[in-house]
């Protein structure tokens, strides 16, 4: 039996490779997004915890140096969190573009796969038609031989 060969197989492989590359890019950006979001949550939790600790220390004698250090530390952490929020916004834009690129790569690969399936079905139909024609020819030849044998016996 003849084997189906798709002439655009190298194109399909290239498109699969491109799609996988886009998937890796999206995954890397997702990991970066998760890392930034985790850091922002961690800093928010640290600020909340330190506020509770300072409230607990406000009982009795006040240490102005501690208050000043706490305020400076809180401001530094808030500035870092603000910077990360801006970074996260830029990352969301890059992630959106990467996802769109992945969608396009998937669509391109799928188009070639659909073409391959169509060509395979066409090849299969031609192959089955040729096989049926060959079978019909064998039946006709057998019938002709059978007729000759019958005529020879009479």
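Side notes on the structure shown:
- Among 115, 95, 69: highest mean-square fluctuation, GNM of the chain, C-alpha pairs under 10 Å: 69
- To the nearest ten degrees, helix 9-57 and the longest principal axis of the Cα atoms of the chain are 20 degrees apart.
- Extension gain for the segment residue 16 to residue 115, taken as residue separation times 0.36 nm less the Cα-Cα distance, is 34.2 nm to one decimal.
- Degrees between helix 64-153 axis and first principal axis of the chain (Cα, 0 to 90, nearest 10): 10 degrees
- Spatially, segment 1-62 and segment 103-154 are offset by 52 Å when compared through their Cα centroids.
- Gain on full stretching of the segment that runs from residue 77 to residue 99 - 0.36 nm per residue minus C-alpha separation: 4.8 nm
- Take every pair of alpha-carbon atoms less than 8 Å apart whose residues are at least six positions apart; their mean separation over the length of the chain yields a relative contact order of 47 percent.
- Within the listed set 130, 111, 143, the residue fluctuating most in the Gaussian network model of the chain (springs between alpha-carbon atoms under 10 angstrom) is 143.
- Residue with peak Gaussian network fluctuation, the chain [Cα springs, cutoff 10 Å], from 24, 35, 76: 76
- Here the residues 106, 149, ranked from fewest to most Cβ neighbours within 10 Å of their Cβ, fall in the order 149, 106.
- Residue-span extension gain [residue 141 to residue 35] - 0.36 nm each, minus C-alpha spacing: 30.6 nm
Every number in this text was worked out from the coordinates using simple rules, so none of it is lab data. Predicted, not measured: the structure shown is a model, and the values here were computed from it. Counting neighbours? That spans all protein chains shown, and the Cβs are built from the backbone with ideal geometry, glycine included.
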